[in-house]
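A.B. asks: Let me begin by handing over the structure; questions about it come next.
The values are calculated or read from the model by the stated rules, or taken from the named source; none is laboratory data. Note that the structure is a prediction, hence the values are computed from the model and not measured. We place every Cβ from the backbone using ideal geometry, glycine too, and count neighbours over all the protein chains shown.
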Amino acid sequence: MTGVSSYSTTASENVQSNTGINWDEGMSPAAVNNSARQNMADIRAQWNDASWFAYGTGSKNTVIPVYVSGTSFKVVGVDVTAYWHIGRRVKAVGSGTGTIYGTITNSAFSSDTTLTVSWDSGSLSNEALAIYASTIQATGGPIPPTAIGGNSIAWTPTDASGAGLSLTVSTAKYVRFGNLICAWAQIQFPATADATQIQIGGLPVTSLSGVTTMGSFPVHGLSTDFGLVVANSTSFKVWTSAGGARANANYSGATFYFMVWYPVA
């Protein structure tokens, strides 16, 4: 094994940790440049595939993963369950296996560490394997779950029906996942007899042109109502289960809860 994964966490063990490197005491001056260049090459090669690392035992990669079955492999003679934990992503490479990716579903130690993996596709072949772990652990990682969509952001629902209703907003927030918005809110309608169709405005991002998106709006006894985000707008209209327009008057004094997903440009 060569490269960064062959390096030891004990400095004195790195005298000749890799082909092309020789940091021995009293080494020839002519070997300094070659060793330094090889160190640089190893570091660059690791960063070219920075998401994956051949962990080994955590100090040099002297223990090669051993095939157990199409869905499992083991690291012989050492307990590395803390690193190879459930939920961690794995990459396996072999001449028959190809390059496959999966997620650890079981990690157990009894003289050897045995890992069971649910592969996205494919399976392990009984052959020499190179196994890599994701550099992002499943728990306790540097990226909190909220960073996937960012922290929720406040927005302000408004009456877009034209009735001029004053809505009382208890909560209204949204997150963005790439080109998809998830917005939710709890609002209180005023007492009204207005027959105009409900239309809530103020959505945080303009919806995609040409796409109408359905949302679910459970509100007291009107839980079968649904909403449609108007294409190329920041509003949605509420409809009855029969497809008729739901009037503002039907929600007079009622609390209105909803969550809506819709695509944006």
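A.B. asks: Among the residues of region 205-217, which ones are over 16 Å from Ala172 (Cα atoms) and modelled with pLDDT under 70?
C.D. replies: Met214
A.B. asks: State which residue pairs qualify: first residue surrounded by 12 or more Cβ atoms within 10 Å (Cβ to Cβ) and inside region 32-48, second residue aliphatic (A, V, I, L, M) in any location, beta carbons under 6 Å apart, and separation of 6 or more residues or different chains.
C.D. replies: Ser35/Ile21; Gln38/Ile21; Asp42/Val4; Gln46/Val4
A.B. asks: Further question on the same structure: Among the strands (runs of 3 or more DSSP E) contained in region 1-104, which hold 1 or more residues that are assigned by TED's automatic domain parsing to the domain that holds Val117 and at pLDDT below 80?
C.D. replies: none
A.B. asks: If you don't mind, another one. If Thr116 passes every condition in (1) assigned to a strand (DSSP E or B); (2) at pLDDT below 85; (3) polar (S, T, N, Q) but one, which one does it miss?
C.D. replies: (2)
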